[in-house]
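A quick write-up on the structure given underneath.
The values are calculated or read from the model by the stated rules, or taken from the named source; none is laboratory data. Everything quoted here is computed from the prediction, not taken from an experiment. Positions of Cβ are generated from backbone atoms using ideal geometry, with glycine treated the same way; all protein chains shown enter the neighbour counts. The accessibility values were calculated without ligands, DNA or RNA, using every heavy atom of the protein model including side chains. Shrake-Rupley method; radii C 1.70, N 1.55, O 1.52, S 1.80 Å.
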Amino acid sequence: MAELLVQLAQGFLVTLELFALTLVLALPLGLLFAFGLMSRFRPVRWVMKVFVWIIRGTPLMLQLFIVCYGPALFGLSAIRNSFLAAVIAFVINYACYFAVIYRGGIESISKGQYEAGQVLGMTGAQIFSRIVLLQVIKRILAPMSNEVITLVKDTSLANTLGGIVEIIAATKEVTGATGMPLIYPLLGAGVFFLAFIGLLTLLFGYLEKRLGYFKV
Amino acid sequence: MAFLEVKNYRKRFGENEVLKGISFTLNKGEVLAVIGSSGGGKTTLLRCLNFLEIPDEGELYLGGEKLFDAAEKLKISNARIREKRLHFGLVFQQFNLFPQYTVFKNITLAQALLARQEFSRKKAEFSAARRGAPKEKRAQLKAEQKKILAEIKANQKAAIEQKTLALLERVGLSEKKDAYPHELSGGQQQRVAIARALALSTDILCFDEPTSALDPELTGEVLKVIKGLKSSESTMIVVTHEMDFARGVADHVVFIADGQIEEEGTPEEVFGSPKSEKTQAFLRKSLEELF
């Protein structure tokens, strides 16, 4: 039993690493993509739209394999470090979903907010960082919580690349080592997910409350 | 010589020519009321004055100097536009307060950002001076400069705070200093917006139908504040549907119809004995709406 918990916890640690790395990198990259989607320069906008279409239009699992084995297209060997490949695929995939959410949030802010900043002599960057950003964050908190929670669970896909023993893969290892029926570690994995996502839900609830002091 | 001179402003949006050559002058300390029916180009004119829209044609002189010439508009950088904007303030119909900031911060934000810009400029100047000084004196110079910079920063902060508190008192909202915009009535929000615009001490303050979004019982407090701003130092342009207000406050009235100035003059002239048929019809109609 103790063995089971230790193994599951180790697996979940890998899950968390993947999750945290993806989140930290995809949040800013998504904002960059969002600016691309809203660019005044048509070719940039167009390229970004096609890119988002491709990423949202193909399965994440396929993308994992493509990132991993893609270098073969250029006569190179597959990426050996499957964890790295997984992070790259997750970051790009999630950045695209985030980008669409950001764009929706940014476009929902009234033109008057920008203009009020302009007539007060603020620069575009000041208007975005001082006025618009926090309002956008407040607006997109709910859809972002969906994506973030989905990400926690999507990390399991990484084990298809092999060599990444995240929690689902760990359940099999436990049964292999102890002969315990698979159902027990699987239920245990579920508890880990539930607990962590429960924590995230509380965190989002807290953020929503923190931003509840103003109305947009 | 007029303080503000607008020459032949033209603006079109696609096929729709909204301003068809607007020219007028305004003296320092005067209030100009701009009246006319919706869609006539009044708001576009104000937006052009504040460079929220860039006129297609026309020139603008302020204090005798050319501030803007549409012939050169492609050459003007965003930074230059931003500088030009600082000559004009604008109070919006919809207030457009920043919801996440308190009343106080709404008023101080732009002041603080400008002060910071000034501070960085000073700092860059100082470090240039340091590089020019002999090596052995640099450390001492740096220490002195550090003291001066700290002083500047403290003074800026105190000045902004003092000014903001004075403005809040002027618009009668001192006790709402720490409130958030959504906690205020429309009239109070608009008074904050006025204080926010005043905080930058612009040459000319524009009002875009400042009471149109307000419930009738709240318009009075806002109009009273605007009336109270009238002084020999404040030059204002007010786009308004409040004819009584225009009549009572304005030194000069411009009636805009279909992108052109149809009639202008003193309030007595425009309201008392309008010459143009369009003006007469407009005034008659706005009078009917009252009763």
Item to check | Charge tally in the Cβ shell below 10 Å around B:S201, where Lys, Arg are +1 and Asp, Glu are -1, B:S201 excluded | outcome: -1
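Interface size between chain A and chain B, please: total buried accessible area, 1.4 Å probe, rounded to the nearest 100 Å².
Numbers: alone 12370 and 15560 Å², together 25790 Å².
Interface between A and B: roughly 2100 Å².
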Item to check | Computed label-point distance, nm, for sites B:D56 and B:K227 using a 7 Å Cα→Cβ extension | outcome: 4.1 nm
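For the range B:125-196, which GluC sites (Glu not before Pro) are both in a DSSP coil and crowded by at most 11 other Cβ atoms within 10 Å? Mind dumping the intermediate values first?
Values: sites: B:E125, B:E136, B:E144, B:E151, B:E161, B:E169, B:E175, B:E183; in loops: none.
For GluC sites (Glu not before Pro) across the range B:125-196 that sit outside H, G, I, E and B with at most 11 neighbouring Cβ atoms in 10 Å, the list is empty.
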Checklist entry - Say the dipole of chain A comes from +1 at the beta carbon of Lys and Arg and -1 at that of Asp and Glu; which of A:I54, A:V14, A:T150 then lies farthest toward its positive end? => result A:I54
Checklist entry - Can you work out D for the range B:1-139 in µm² s⁻¹ from Stokes-Einstein, where Rh is the Kirkwood radius over C-alpha pairs, the temperature is 10 °C and the viscosity is 1.306 mPa s? => result 87 µm²/s
Next on the checklist: Positive end of the dipole of chain A, charges at C-beta (+1 Lys, Arg; -1 Asp, Glu), about the Cα centre: which of A:F65, A:Q118, A:N81 has its Cα farthest in that direction?
Outcome noted: A:Q118
Next on the checklist: Using a Förster radius of 35 Å, what is the FRET efficiency between A:A78 and A:E173 based on their Cβ-Cβ separation? Nearest 0.05, please.
Outcome noted: 0.90
Checklist outcome for this item: Gyration tensor (Cα only) of the range B:46-88 to equivalent ellipsoid, semi-axes in Å sorted down, yields 13, 12, 11
Checklist entry - How high is the FRET efficiency from A:M61 to B:T266, r the C-beta distance, R0 60 Å, rounded to 0.05? => result 0.20
Next on the checklist: Test of understanding: in a Gaussian network model of chain A with alpha carbons linked when under 10 Å, which of A:A195, A:A95, A:A86 would top the mean-square fluctuation ranking?
Outcome noted: A:A195
Item to check | Value in Å of the Kirkwood radius, where the range B:229-269 supplies the Cα pairs that are averaged | outcome: 11.1 Å
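Given chain B, what whole percent of its Cα pairs are spread farther than 37 Å? Don't skip to the answer; put the middle values down first.
Working: 9894 of 42195 pairs.
So the portion of pairs separated by more than 37 Å is 23 percent.
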Item to check | the range A:108-216 - Rg over Rh from alpha carbon coordinates, Kirkwood radius | outcome: 1.25
Checklist entry - On the first, second and third principal axes, largest extent first, how far apart are the outermost C-alpha atoms of the range B:131-187 in Å? => result 61, 20, 15
Checklist entry - Over the Cα atoms of the range A:142-185, how large are the radius of gyration and the largest Cα-Cα distance (Dmax), in Å? => result 13.5, 42
Item to check | Dipole magnitude of the range A:130-214 about its Cα centre (Cβ charges: Lys, Arg +1; Asp, Glu -1), debye to nearest 20 | outcome: 460 debye
Checklist entry - So what's the gap between the Cα centers of the range A:19-88 and the range B:182-261, to the nearest angstrom? => result 52 Å
Checklist outcome for this item: Of B:72-83, A:4-15, ordering from highest average Cβ density within 10 Å down gives A:4-15, B:72-83
Checklist outcome for this item: Per GNM of chain B with C-alpha springs under 10 angstrom, the most fluctuating residue out of B:F13, B:F271, B:F88 is B:F13
Checklist entry - Picking from B:A246, B:L205, B:G220, whose Cα lies most toward the positive end of the charge dipole for the range B:152-291 (charges on Cβ: Lys, Arg +1; Asp, Glu -1)? => result B:L205
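How many lysine pairs are close in chain A, with Cα atoms under 22 Å apart and the two 8 or more places apart or on different chains?
Working: A:K111/A:K138; A:K111/A:K215; A:K138/A:K209; A:K138/A:K215; A:K153/A:K172.
Lysine pairs, 8 or more places apart or on different chains, close enough: 5.
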Item to check | Lys, Arg +1 and Asp, Glu -1 on Cβ, resulting dipole of the range B:1-145 about Cα centre, debye, nearest 20 | outcome: 900 debye
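Using every Cα-Cα pair within chain A, state what percent have a distance larger than 24 Å.
Numbers: 12452 of 23220 pairs.
Roughly 54 percent, once rounded to a whole number.
Normalized C-alpha radius of gyration of the protein assembly as shown, against 2.2 N^0.38 Å? Please list the in-between numbers first.
Numbers: Rg = 30.5 Å, N = 507, 2.2 N^0.38 = 23.5 Å.
Rounded to two decimals, the normalised Rg is 1.30.
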Checklist outcome for this item: The relative contact order of chain B, taking Cα pairs under 8 Å that sit 6 or more residues apart, comes to a percentage of 28 percent
Checklist outcome for this item: Yeah, the range A:10-108 with a ≥ b ≥ c from its alpha-carbon gyration tensor (a/c under 1.5 is rounded, else prolate when a/b outruns b/c, oblate otherwise) is oblate
